[in-house]
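The block underneath contains the structure these notes are about, expressed in structure tokens.
The values are calculated or read from the model by the stated rules, or taken from the named source; none is laboratory data. Just so it is clear, the structure is predicted and the values come from calculations on it, not from any experiment. Because the Cβ atoms are built from the backbone with ideal geometry, glycine has one as well, and the counts that use them run over all protein chains shown. Keep in mind that these areas ignore ligands, DNA and RNA; they rest on the heavy atoms of the full protein, side chains included. Shrake-Rupley method; radii C 1.70, N 1.55, O 1.52, S 1.80 Å.
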Amino acid sequence: MIAAIIICLLVFFLWTIINSMFLPSLPKEAKLNAYPLISVLVPMRNEMRNAQAFIHNIQQLTYPNMEVIVLDDQSTDHTKSILYKSIGLDRRFRMISGKPLPDGWVGKVHACDQLQKLANGDYLLFIDADVRLQPQTIEKSLMLLQTKRAKLLSGFPAFEVPTLLSKLLVPMQHFVVMLHLPIALANWTITPATTAVNGAFMFFEHAAYRKMGTHRAVHSSLVEDVHIARKMKEQGYRVLLANITKNVSCRMYATNGETWEGFLKNIFVGVGRSIPIVIFLTIFYSVFYILPMFLLVYGVFTFQPFYVLPYVILTLQKAFVDWKSNQQLYISCLMPLSATALVAVLWGSTWKAWKKQPYNWKGRNYL
């Protein structure tokens, strides 16, 4: 059994390396023949801790032809006043107040729908308030989108992980993509099932986005980013997932509680609310990424190095993913704990859905 686990882990490691080769990075330099108008669209709800830093970050972007529309989505904190103060007299920015959430809509989707109605750009960049961009990110994104002839470019940022649970769970997004997603099919075919995007950074060609149906087409979805990408592919458009970690960073969650609630809201919905997939993933991660932790302890105390090998291989696999995604490498040593946390939040999310208990996020409840 140990030999079989070792062989499988070696195969997974090799596959991860090969699979990652189909994940393009943003170019080191951007050389554009023209600078079409880019609309940067930002929904914010109770983002007072991010508002000022976000505005200052956007003001440092070097792209010469952009408009920035920020929507305050019924915030109950000081987000709006901080935004007004931070924007000042910068005419590139436009600040709007969001309308009340209609029945059947998810909050962020409704905010993005309001934003897109006001956008004038040839391209739309939807980003979250906790995202930070390097100065030339827009130029590089536009160049890659045009070079690859895609209509939607997305990617998972480099993550700041201040708490233990965020260290365990947040970087796993990169791991899941590089292990489970056939990236070549995702990037080079229009098969909807092979799709992965991240809603924190979605860069559209405006005309294609409108033909797809805009955010209104996925108004009730808790994983609207994936569903939008699938609808883009259904229209025959190419969707490109890129490694943006050298240009885009993000602190998704500031506390362990936020991390748990954030994953709880998305993970069961993200696997299609499928109990068979939940069971498969539980067995898969338990056998290959949790069990090796116990084999490690047994191997150390019995002086049998063979039992240590599974942990070494999975740590190297996770270290490769963390290196590719600009993550701190020491986190890779915690992979068995990351897998345990992943299984725990997966079942927590499943249990809430089975009990028909709402998911809570930023003061709103969703079933």
Query raised in the report: In segment 30-56, how many residues are without any contact (Cβ under 8 Å) to a residue 12 or more places away in the chain and either of a type outside the set (S, T, N, Q) or within 19 Å of residue 252 (Cβ to Cβ) (or both)?
Result: 1
Report summary line: Scanning segment 247-281 residue by residue, those of a type in the set (D, E, K, R) and over 18 Å from the mean Cα position of the chain (by Cα) turn out to be 273
Requested in this report: Out of the residues in segment 68-98 that are under 24 Å from the mean Cα position of the chain (by Cα) and part of a strand (DSSP E or B), state the one that is nearest to residue 113 (Cα to Cα).
Outcome: 71
**Report entry** Selection count where residues are outside any helix (DSSP H, G or I) and either open to solvent by less than 20 Å² (accessible area, probe 1.4 Å) or under 27 Å from residue 206 (Cα atoms) (or both), scope segment 1-49
**Finding:** 25
Query raised in the report: Can you tell me which residues in segment 97-120 are surrounded by 13 or more Cβ atoms within 10 Å (Cβ to Cβ) and small (Gly, Ala, Ser)?
Result: 98, 107, 111, 119
Requested in this report: Answer with yes or no whether residue 217 is under 19 Å from residue 115 (Cα atoms) and over 19 Å from the mean Cα position of the chain (by Cα).
Outcome: yes
**Report entry** From the options 236, 213, residue that is on the phi > 0 side of the Ramachandran plot, out of contact with any helix residue (DSSP H, G or I) (no Cβ under 8 Å at 6 or more places or on another chain) and of a type outside the set (Phe, Trp, Tyr)
**Finding:** 236
Report task. Need at least 1 residues that are without any contact (Cβ under 8 Å) to a residue 60 or more places away in the chain per element, so show me which helices (runs of 4 or more DSSP H) inside segment 147-265 make the cut, counting only ones lying wholly within it. Result -> 172-180, 183-188, 206-212, 224-234
